[in-house]
């Protein structure tokens, strides 16, 4: 149950975004630009990072949805569990581990980021475009985790599975259709 009486009992992201449709549309566009762009990181990599960050933040809704999305892209569920326990021993591509360590530190200790943290990523063979995409994903999901938690929206297993598969198959743009009939001014 959401903290907002105006939201339905089964509230999800779409309901929160409809509270301010202009901001909601911009946020959906940002998701598409950050998570489905052509770049060195694949959508699978970004959904893995999204699920990992959401797991670190214990955001039930975002972890549930993006763990399912990552699984739909072929990431085994046990890998996500391993990552939350220990990136170093997780059975994930070794090349992704520096990005995931970067994600953990940026999520948990953002003011302690250093050039050395970035250099470890570059030394693993990633370029600035890859690190930038990772940073966008990390920041977006720290934001989204707080958006969902701040509204008290948790979701459920059926929603996670449905949304996760839809995001893998269709991406984020279909969410714009949910806001089409909403006014483009903030609700008051």
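The values are calculated or read from the model by the stated rules, or taken from the named source; none is laboratory data. Keep in mind it's a predicted model, so treat the numbers as computed, not measured. Every residue, glycine as well, gets a Cβ built from its backbone with ideal geometry; the counts of neighbours run over all protein chains shown.
Of note:
- Pair list, Cβ < 7 Å and 6+ apart or interchain, from region 93-113 residues that are on the phi < 0 side of the Ramachandran plot and in contact (Cβ under 8 Å) with a residue 12 or more places away in the chain to residues that are outside any helix (DSSP H, G or I) and loosely packed, with under 12 Cβ neighbours inside 10 Å: 95/125
- Selected residue (only one of 30, 4 is assigned to a helix (DSSP H, G or I), surrounded by fewer than 18 Cβ atoms within 10 Å (Cβ to Cβ) and either out of contact with any strand residue (DSSP E or B) (no Cβ under 6 Å at 6 or more places or on another chain) or at pLDDT 95 or above (or both)): 30
- So residue 41, is it in a loop (DSSP other than H, G, I, E, B) and surrounded by 19 or more Cβ atoms within 10 Å (Cβ to Cβ): yes
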